[in-house]
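All remarks here apply to the structure that follows.
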């Protein structure tokens, strides 16, 4: 899958976080493995405002290799999972109302 299509799918999915009640506001994050490392949502940007260029690409050493925004503050967890589990190709981390105390 090409990078632009994957970035679009990431954005479509995180927008569903909010509309389905899986996450509140900008909480939660999503990443997807790439040949160079992984794409991950940026920190603090409302999902509905995300553009493909906003999705950050990182290598498996923790370096940003593409993107001007800061990656999710939880990028370390994503990196470590990708390093430990070669069969994992995407990670979804949500914060539901009940998990965040917003219910």
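Each reported figure results from applying straightforward, stated rules to the coordinates on display, with no laboratory input. None of the values given here were measured: they were computed from a predicted structure. So basically every Cβ, Gly included, is an ideal-geometry build from the backbone, and we count neighbours across all protein chains shown.
By how many degrees, between 0 and 90 and to the nearest 10, does the Cα long axis of helix 75-84 differ from the longest principal axis of the chain? It is inclined by approximately 50 degrees. Distance between the 7 Å Cα→Cβ label points at residue 48 and residue 4: 2.6 nm.
The length gained by stretching the chain between residue 66 and residue 19 to full extension, at 0.36 nm per residue less their Cα-Cα distance, is 14.1 nm.
In the chain, the longest principal axis of the Cα atoms and the axis of helix 3-20 are about 20 degrees apart.
Which one, 87, 12, 74, has the greatest fluctuation when you compute a Gaussian network model over the chain with C-alpha springs under 10 angstrom? Result for the chain, Cα springs under 10 Å: 87 fluctuates most. Computed log10 I(q)/I(0) for the range 3-98 at 0.14, 0.24, 0.25 Å⁻¹: -0.44, -1.29, -1.38, from the Debye equation with unit scatterers placed on every C-alpha and solvent omitted.
Among 88, 55, 40, which one shows the biggest mean-square fluctuation in a GNM of the chain, springs joining Cα atoms closer than 10 Å? Fluctuation is largest for 88.
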